[in-house]
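The block underneath contains the structure these notes are about, expressed in structure tokens.
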Amino acid sequence: MIAYSLILFAVAGLLLFFGVSIYRGNTKWIHDYHQTNVKASDRSAYGRAFAKGLFVLAAALLLSGGIALLGGGGGVLIAELAVLFGGIVLAVFILWRVEKKYNGGLFG
């Protein structure tokens with residue numbers, strides 16, 4: 001379970017790096033087709049909202065990895081997977097809403 005936790009922590013670190021960069025206004029990390037219809041005046045708000053989805057995903061990865069370090073029992077496994085998949089679903093929902101609000105849909 002240590003390898004699982006290390007992988008989740010590393011991916012969460014990358015997501016946090018990109019999330020902070022995007023939150024600060026560096027939306028070049030977001031693919032162009034996701035920004036096709038985003039107005040120039042909304043770029044900053046779009047970046048902050050998008051970054052929040054990345055932060056939720058990173059938090060889910062960190063929490064799931066932390067739970068995995070508690071042990072390998074069946075209850076711990078269910079808890080870490082529930083946190084992981086729940087966080088993924090929540091992050092995808094947040095990102096979908098951001099894209100719908102600022103871009104008119106997932107692909108413009």
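Computed quantities for the displayed model
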| item | result |
| --- | --- |
| Subset of region 31-67 (residues that are more than 11 Å from Gly87 (Cβ to Cβ), of a type in the set (A, V, I, L, M) and surrounded by fewer than 20 Cβ atoms within 10 Å (Cβ to Cβ)) | Ala40, Ala45, Ala49 |
| Wholly within the chain, helices (runs of 4 or more DSSP H) carrying at least 3 residues that are touching a Phe, Trp or Tyr at 6+ places or on another chain (Cβ under 6 Å) | 2-23, 43-68 |
| Criterion (out of contact with any Ser or Thr (no Cβ under 6 Å at 6 or more places or on another chain), in contact (Cβ under 8 Å) with a residue 40 or more places away in the chain and of a type in the set (Ser, Thr, Tyr)) met by exactly one of Tyr23, Tyr33 | Tyr33 |
| Of residues in region 1-51 being more than 13 Å from the chain's Cα centre (by Cα) and of a type in the set (Lys, Arg), the one farthest from Ala91 (Cα to Cα) | Lys39 |
| Residue list for region 74-91, restricted to those being within 20 Å of Leu6 (Cβ to Cβ) and either touching a strand residue (DSSP E or B) at 6+ places or on another chain (Cβ under 6 Å) or without any contact (Cβ under 8 Å) to a residue 12 or more places away in the chain (or both) | Val76, Leu77, Phe85 |
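Every number in this text was worked out from the coordinates using simple rules, so none of it is lab data. The structure presented is a predicted model; accordingly, all values stated were derived computationally and were not measured. Positions of Cβ are generated from backbone atoms using ideal geometry, with glycine treated the same way; all protein chains shown enter the neighbour counts.
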